[in-house]
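Here's the structure, in structure tokens; my notes come after.
The values are calculated or read from the model by the stated rules, or taken from the named source; none is laboratory data. These numbers come from a predicted model, not from an experiment. Methodologically, a virtual Cβ is constructed for each residue, glycine included, from the backbone with ideal geometry; neighbour enumeration extends over all protein chains shown.
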Amino acid sequence: MKSSNIWFNSNIFYPSFADLIRTGDPSALAKVAIPETALAIDNIRPDLLIYRCWAKCLILWESGVEPTHDWIMAGVPQVTV
């Protein structure tokens, strides 16, 4: 039996990000959670921190994205304010 001939659908085990957009899935939000401590934020590259913010917004798109200053500030960790 050759292992190179085995094909499987990776989306069964690892859903793509496109499958998670607008779902509000708590497990997806936990994976892209923005750290709340200065030490944890220091361990993440700034560009990846922004990607996590974007991912959080896209996952929560259907459940309360608002074009207000209060909504934006609610997504910013208190350590950085």
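Before moving on, here are some points about what is shown:
- Just one of the numbered conditions (1) over 24 Å from Asp19 (Cβ atoms); (2) of a type in the set (A, V, I, L, M); (3) not in a loop (DSSP other than H, G, I, E, B) is not true of Val76: (3).
- Contact annotation: residue pairs with Cβ atoms under 9 Å, 6 or more positions apart or on different chains, pairing a residue in segment 61-81 that is without any contact (Cβ under 8 Å) to a residue 12 or more places away in the chain with a partner that is in a loop (DSSP other than H, G, I, E, B) and of a type in the set (D, E, K, R), are Ile72/Glu66.
Conditions (1) closer than 20 Å to Ile72 by Cα; (2) at pLDDT 85 or above; (3) assigned to a helix (DSSP H, G or I); (4) of a type in the set (A, V, I, L, M), marked per residue:
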{"position": "Met1", "(1), (2), (3), (4)": "no, no, no, yes"}
{"position": "Ser4", "(1), (2), (3), (4)": "no, no, yes, no"}
{"position": "Phe8", "(1), (2), (3), (4)": "no, no, no, no"}
{"position": "Pro15", "(1), (2), (3), (4)": "no, no, no, no"}
{"position": "Ser27", "(1), (2), (3), (4)": "no, yes, yes, no"}
{"position": "Glu36", "(1), (2), (3), (4)": "yes, yes, no, no"}
{"position": "Leu39", "(1), (2), (3), (4)": "no, yes, yes, yes"}
{"position": "Asp47", "(1), (2), (3), (4)": "yes, yes, yes, no"}
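- Scanning segment 28-51 for residues that are of a type outside the set (A, V, I, L, M, F, W, C) and in contact with a helix residue (DSSP H, G or I) (Cβ under 9 Å, 6 or more places away or on another chain), we see that the one that is surrounded by the most Cβ atoms within 10 Å (Cβ to Cβ) is Pro35.
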